[in-house]
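Below: the structure, in structure tokens.
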Ligand SMILES: NC(=O)c1ccc[n+]([C@@H]2O[C@H](COP(=O)([O-])OP(=O)(O)OC[C@H]3O[C@@H](n4cnc5c(N)ncnc54)[C@H](OP(=O)(O)O)[C@@H]3O)[C@@H](O)[C@H]2O)c1
């Protein structure tokens, strides 16, 4: 079976490519510059020599996306810019997320792809100021676009608009699209460059900020997310949106857990209380058979990877 993974060199996509190759899929992986050393890890994956083909493609260049998707039965659209901090210009995120997703879906239609899995985000779910305190969020929740705009949460807006338009395109064109909304993705990295969500954990371990807020964190292991993406791709019953979130923990407890596993790091010194955050439910995904590992395992594997890669020095 031949499938395409967009943004193949990214944190989540690399684990997905690894999983697909291990299951015998032929994978078309899109990257922006195949000659860049940062994609070297992909070529070293098991079965990559025979079954991984890298395509040079930018989400905003339809022709490059269409050539990557051509001949594929399935497409995993993972690529989307994930900023390290607030961006001043919303278009930097909105264009690749929204126009990019449209380009991918158009190419899927042209290629007669049987199913498309679009990676959205918890950000497309939880930006709802009117949400009742403590009530669990499920797939029926959508972030309020106007609220995202007025608060200048451009990443959240980009993911919300992109996912809405993806599902809209799917119903208008009878294209089989399933979306997956992961929360904060952590775990060991395959790629050599640090992605934004891994930096969240690295910064906690290094105590980059002396004071942090005691927010609620909904977390999913990057390897469990890859399994979720394959599960919704393969399961005929899968449809609509799926939240992929395994654990909820506040920053204080997360730091305590990390300290119990790895006592010798600096960690933030002060924790300030803030209004309670949102809690997600992955019941819909679990009802398809999705399983996830314990949080301790995710943290242990992630930190041991950072140590080996000298990222905590
Ligand atoms: N990390 C999280 O906590 C989290 C949580 C929820 C949802 N997500 C979603 O999960 C997906 C993967 O995120 P990640 O954490 O793995 O991020 P990542 O490591 O930063 O990967 C993002 C990928 O998108 C690609 N990309 C960005 N703009 C592009 C463009 N114009 N054309 C082609 N490719 C482009 C990047 O390609 P280059 O390698 O060329 O830069 C990179 O491969 C994204 O859709 C993100 O919104 C992430």
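When 11, 25 are checked against the criterion of being within 9 Å of the ligand (Cβ to nearest atom), under 18 Å from residue 227 (Cα atoms) and either at pLDDT 95 or above or under 16 Å from the mean Cα position of the chain (by Cα) (or both), a single residue qualifies: 11. Looking only at helices (runs of 4 or more DSSP H) that fall completely inside the range 108-206, which ones have 3 or more residues that are more than 14 Å from the ligand (Cβ to nearest atom) and under 15 Å from residue 97 (Cα atoms)? Once the helices (runs of 4 or more DSSP H) in the range 108-206 are filtered for at least 3 residues that are more than 14 Å from the ligand (Cβ to nearest atom) and under 15 Å from residue 97 (Cα atoms), what remains is 154-173. Residue 4 meets all of the listed conditions (1) within 14 Å of the ligand (Cβ to nearest atom); (2) in contact (Cβ under 8 Å) with a residue 24 or more places away in the chain; (3) under 20 Å from residue 192 (Cα atoms) but one, namely (3). Remark: residue 242 matches the filter, which requires a residue to be in a strand (DSSP E or B) and either surrounded by fewer than 18 Cβ atoms within 10 Å (Cβ to Cβ) or in contact with a helix residue (DSSP H, G or I) (Cβ under 6 Å, 6 or more places away or on another chain) (or both). Filter the range 207-237 down to residues that are assigned to a strand (DSSP E or B) and within 16 Å of the ligand (Cβ to nearest atom) and give me whichever is nearest to residue 307 (Cα to Cα). Selected residue: 221.
Scanning the range 88-98 for residues that are surrounded by fewer than 16 Cβ atoms within 10 Å (Cβ to Cβ) and assigned to a helix (DSSP H, G or I) yields 91, 92, 95. Looking only at residues in the range 54-87 that are under 22 Å from the mean Cα position of the chain (by Cα) and surrounded by fewer than 14 Cβ atoms within 10 Å (Cβ to Cβ), which one is nearest to the ligand (Cβ to nearest atom)? Among residues in the range 54-87 that are under 22 Å from the mean Cα position of the chain (by Cα) and surrounded by fewer than 14 Cβ atoms within 10 Å (Cβ to Cβ), the one nearest to the ligand (Cβ to nearest atom) is 60.
The values are calculated or read from the model by the stated rules, or taken from the named source; none is laboratory data. None of the values given here were measured: they were computed from a predicted structure. Virtual Cβ from ideal backbone geometry, glycine too; neighbours counted across all protein chains shown.
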